[in-house]
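*Asks:* What follows is a single structure, and I will ask about it in a moment.
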Amino acid sequence: MWAANGPESIIDEAMTELSPFRTPGDALAHQAETRGGREALAFPESGARLTWAEWHGAAAALARAMLDRGLRPGDRVGLLAESRIEWPVVQMAVAMAGCVLVPLNTHYRRDDLAYALGHAKPRGLFLSRSFRGNPYMEHVRAIRDSVPSLETPVLLDGPDYGRLIEAGRASRTALPEVNPDSVGSLQYTSGTTGFPKGALLTHAGMMANAWGISERLRVTAEDRWTSIIPLFHCAGCIMCVLGTVQRGSAYVGVSHFDPAAMFRIVEAERCTMLSGVPTSYVAMLDHPARGEHDLSTLRAGTCGGADTDPALLARCAEAFPIPGVVQVYGQTEASTLIALADCRAPERFETCGPPLPGAAVRIADPVTGTPLPPGEIGQIETAGPMVMRGYFDNPEATAETIGPGGWMKTGDLGYLTADGNVVVAGGRLRDMIIRGGENIYPVEIENLLRAHPGVVDIAVFGMPDEYYGEIVAAAVDGGDGLAPEALGRFCDGRIARFKVPARWFRVASFPLTASGKIRKTELREMAASGALDPL
């Protein structure tokens, strides 16, 4: 067996402090005491801002009011809202009350929401009335009878939210002592197939993850961190919010991604950190307005959520510029990130860097489970205190995912370098194409074809074939002059002929999850049904 931060270190690391703070509430209280008058939260679109003292005061008051209304530690509390200043206030209040936060995807419609609320069975729910045409309150009213656990929802843009905080300020109720090892979040996976599963994450695991990430990004109290990733996503509420709250830096929130708006916010707010996904970075790099703004304050950032082309990161570092942008690798089930390099490390484009402190990583044969040596592609597995407790109310899925010794199967393909850096080299295990017995990794083909001057983006996937079992197909977003013959010639001599796509399709946009991952299952279904136009 060969593992970065090997199995012996899992126990050792778990015995050490992976964060100086026990819980989110402890970190927020510390910042309120030491830098209370400094800005902690800024949401420029609405003009809303809070200092550390104001954030802590509002969250503590809301936590007391929740307890006074009958909520108890361990109860689940849903949060359905765009990224707005009330979001991190509710997040901290739920943690300080000892309850379990259930962040809900803002893209959910009525049936999605009915499933998530019916599965999580929260007692409390905070929500926006609507966002971008999605009427959350109407959805909740329509499904209310199917969620008997749910008490009166609280509208963030109504009077009840403010009244709760005012009541909490006058309350004498003592806040509980929160156990760091207790579950703090029921975080639903974005998923590319089937119903989402709810990962049970502990306060200690989330705090350790955010502390380790912010250490490698060299975050200090002088930083201002913005992100296109919504707060309901683990990279938003764990990496960004719990990272900034532990380091004392400001979080600059945006409700949704728009390249031109992001340029204006970075410039006006003097942001130093930016987190995004490959599709967002491509959109910003290619946007004609980028050169009209002063983005020179940016020093570091993260790129993850989908297979990342190292060439894209090199372009971001030089042309954006974001000199310290890094490729990251993670999963909701691991409390967000599993590995990333230091923001000054030379390997930060080509690899995802070493595992975080406290995380162990090994590569296993996807069929036999046998650990593989450095350089060989297999399934990435991870273990350690940041791995979820399991999937809520789903013991079968938990047993399938977490094996002996606590090793969690990520479903992602990759390898370890000789010096222990993680390389995501093959995409998702379920996306691996087996053509006539040959294993084909879509990422290799995608990264090659993204270098073609006419290709904006591409997704490679398998299609059923009677003779080979599967053949390689590609959906391409590109110029009108693209032709399969030209793309095939571009591949000649660079990859084996059996890897060259046999079917080519044109798309204007890709079906995406909320975290920016392309839904290849949907592409396969569209290709099979004739819904994709041939290139």
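The values are calculated or read from the model by the stated rules, or taken from the named source; none is laboratory data. Since we're looking at a predicted model, the values are computed, not measured. Here the Cβ is made from the backbone with ideal geometry for all residues, glycine too, and neighbour counts use every protein chain on show. Side chains are part of the model used for accessible areas, which takes the heavy atoms of the whole protein and leaves out ligands, DNA and RNA. Shrake-Rupley method; radii C 1.70, N 1.55, O 1.52, S 1.80 Å.
*Asks:* Per-residue HN-Hα couplings for the stretch 448-456, Karplus 6.51 cos²θ - 1.76 cosθ + 1.60 at θ = phi - 60°, whole Hz, x for Gly and Pro?
*Replies:* Calculated HN-Hα couplings, in order: 5, 6, 5, 7, 5, x, x, 9, 7 Hz.
*Asks:* Would you please give the FRET efficiency between ALA221 and ASP160, computed as 1/(1 + (r/R0)^6) with r the Cβ-Cβ distance and R0 = 41 Å, to the nearest 0.05?
*Replies:* 0.75
*Asks:* From the phi of every residue in the stretch 503-510, what ³J(HN,Hα) in whole Hz does the Karplus formula 6.51 cos²θ - 1.76 cosθ + 1.60 yield, where θ is phi - 60° and glycine or proline is x?
*Replies:* Once θ is set to phi - 60°, the couplings for the stretch 503-510 become 10, 10, 10, 9, 9, 8, 7, 9 Hz.
*Asks:* Okay, next question. Placing +1 at every Lys and Arg Cβ and -1 at every Asp and Glu Cβ, with all other atoms neutral, what dipole size does the stretch 11-153 have around its Cα centre, in debye to the nearest 20?
*Replies:* Details: 17 positive and 17 negative charges, 105 e Å.
Here the stretch 11-153 has a charge dipole of around 500 debye.
*Asks:* Ignoring everything except DSSP H segments at least 4 long, calculate the 222 nm mean residue ellipticity for the chain; use -39,500 (n - 2.57) per segment, divide by total residues, nearest 500.
*Replies:* When only DSSP H runs of four or more count, the value is -9000 deg cm²/dmol.
*Asks:* Just the number please: accessible area per residue for the chain, 1.4 Å probe, all protein chains included, in Å².
*Replies:* Counting only protein heavy atoms, the per-residue value for the chain is 39 Å².
*Asks:* Once both axes come from the Cα atoms, what is the angle between helix 259-269 and the longest principal axis of the chain, in degrees from 0 to 90, rounded to 10?
*Replies:* 50 degrees
*Asks:* Any idea what angle helix 24-35 forms with the longest principal axis of the chain, computed on alpha-carbon atoms, 0 to 90 degrees, nearest 10?
*Replies:* So the inclination is approximately 70 degrees.
*Asks:* Below 8 Å between Cα atoms, with a sequence gap of 6+, how large is the relative contact order for the chain in percent? Write out the running numbers ahead of the final one.
*Replies:* Working: 1175 pairs, mean separation 68.1, N = 535.
Here the relative contact order equals 13 percent.
*Asks:* Still on this structure, please answer the following. Students often check this: by mean Cβ neighbours within 10 Å, which of 328-337, 49-58 ranks highest, and how do the rest follow?
*Replies:* Highest to lowest by the protection proxy: 328-337, 49-58.
*Asks:* With a ≥ b ≥ c taken as the square roots of the eigenvalues of the C-alpha gyration tensor of the stretch 256-379, please select rounded if a/c is under 1.5 and otherwise prolate if a/b is larger than b/c or oblate if it is not?
*Replies:* prolate
*Asks:* Let me have the relative contact order for the stretch 19-172, percent, based on Cα pairs under 8 Å that are six or more residues apart.
*Replies:* Dividing the mean separation by the residue count of the stretch 19-172 yields 23 percent.
*Asks:* DSSP loop (so not H, G, I, E, B), at most 10 other Cβ within 10 Å: list which GluC sites (Glu not before Pro) in the stretch 454-520 pass both filters.
*Replies:* Filter output for the stretch 454-520: GLU466.
*Asks:* Under 20 Å Cα-Cα from LYS197, which lysines qualify once same-chain neighbours fewer than 8 residues away are excluded?
*Replies:* LYS121, LYS409, LYS517, LYS520
*Asks:* Using only alpha carbon pairs under 8 Å that are at least six residues apart, calculate the relative contact order of the stretch 344-400 and give it in whole percent.
*Replies:* Once divided by the residue count of the stretch 344-400, the mean separation gives 27 percent.
*Asks:* Right, here's the next one. Between the helical axis of 86-96 and the dominant principal axis of the chain, each derived from Cα atoms, what acute angle in degrees is found, rounded to the nearest 10?
*Replies:* Tilt of helix 86-96: around 70 degrees.
*Asks:* Report, in debye and to the nearest 20, how large the dipole of the chain comes out about its Cα centre when Lys and Arg carry +1 and Asp and Glu carry -1 on their Cβ.
*Replies:* Charge dipole of the chain: 1000 debye, to the nearest 20.
*Asks:* Quick one: Karplus J couplings for the stretch 379-390, per residue in order, coefficients 6.51, -1.76, 1.60, θ = phi - 60°, nearest Hz, x for Gly and Pro?
*Replies:* So the Karplus estimates, Gly and Pro as x, are 7, 6, 10, 9, 8, x, x, 8, 5, 4, 5, x Hz.
*Asks:* Please name which of HIS203, TYR136, PRO371 has its Cα lying farthest along the dipole of the chain towards the positive end, using unit charges on Cβ (Lys, Arg +1; Asp, Glu -1) and the Cα centre as origin.
*Replies:* TYR136
*Asks:* Related question: For the stretch 66-173, build the charge dipole from Cβ charges (+1 Lys, Arg; -1 Asp, Glu) around the Cα centre, then report which of PRO153, MET92, SER171 sits farthest towards its positive end.
*Replies:* Projecting each Cα onto the dipole axis, the largest value belongs to SER171.
*Asks:* Could you list which residues have their amide H under 5 Å from that of ASP457, counting only those 5 or more apart in sequence or on another chain, with H placed in the peptide plane?
*Replies:* Amide H to amide H, under 5 Å and 5 or more residues apart or across chains, ASP457 pairs with ASP477.
*Asks:* Given H placed 1.01 Å from N in the peptide plane, which residues other than close sequence neighbours of LEU125 have an amide H under 5 Å from its amide H?
*Replies:* Those lying under 5 Å, H to H, from LEU125 are GLY78, VAL154.
*Asks:* Quick one: Cα centre-to-centre distance for the stretch 334-352 and the stretch 234-266, in angstrom?
*Replies:* 19 Å
*Asks:* A further question on this structure: Which of the trypsin sites (Lys or Arg not before Pro) found in the stretch 337-411 are loop residues per DSSP with 16 or fewer other Cβ atoms within 10 Å of their Cβ? Could you put the intermediate results ahead of the total?
*Replies:* Details: sites: ARG344, ARG348, ARG362, ARG389, LYS409; in loops: ARG344, ARG389.
Passing sites in the stretch 337-411 are ARG344, ARG389.
*Asks:* On to the next question. Counting other Cβ atoms within 10 Å of each Cβ, which trypsin sites (Lys or Arg not before Pro) in the stretch 199-286 have at most 10 and sit in a DSSP loop?
*Replies:* none
*Asks:* ARG506's amide H: which non-local residues (gap 5+, or another chain) put their own amide H closer than 5 Å, with H modeled 1.01 Å from N in plane and none for Pro or chain starts?
*Replies:* Distant-sequence amide H within range of ARG506: VAL476, ASP533, LEU535.
*Asks:* On the protein heavy atoms, probe 1.4 angstrom, tell me the percent of accessible surface of the chain carried by carbon and sulfur.
*Replies:* Working: 10600 of 20990 Å².
Result for the chain: 50 percent of the exposed heavy-atom area is carbon or sulfur.
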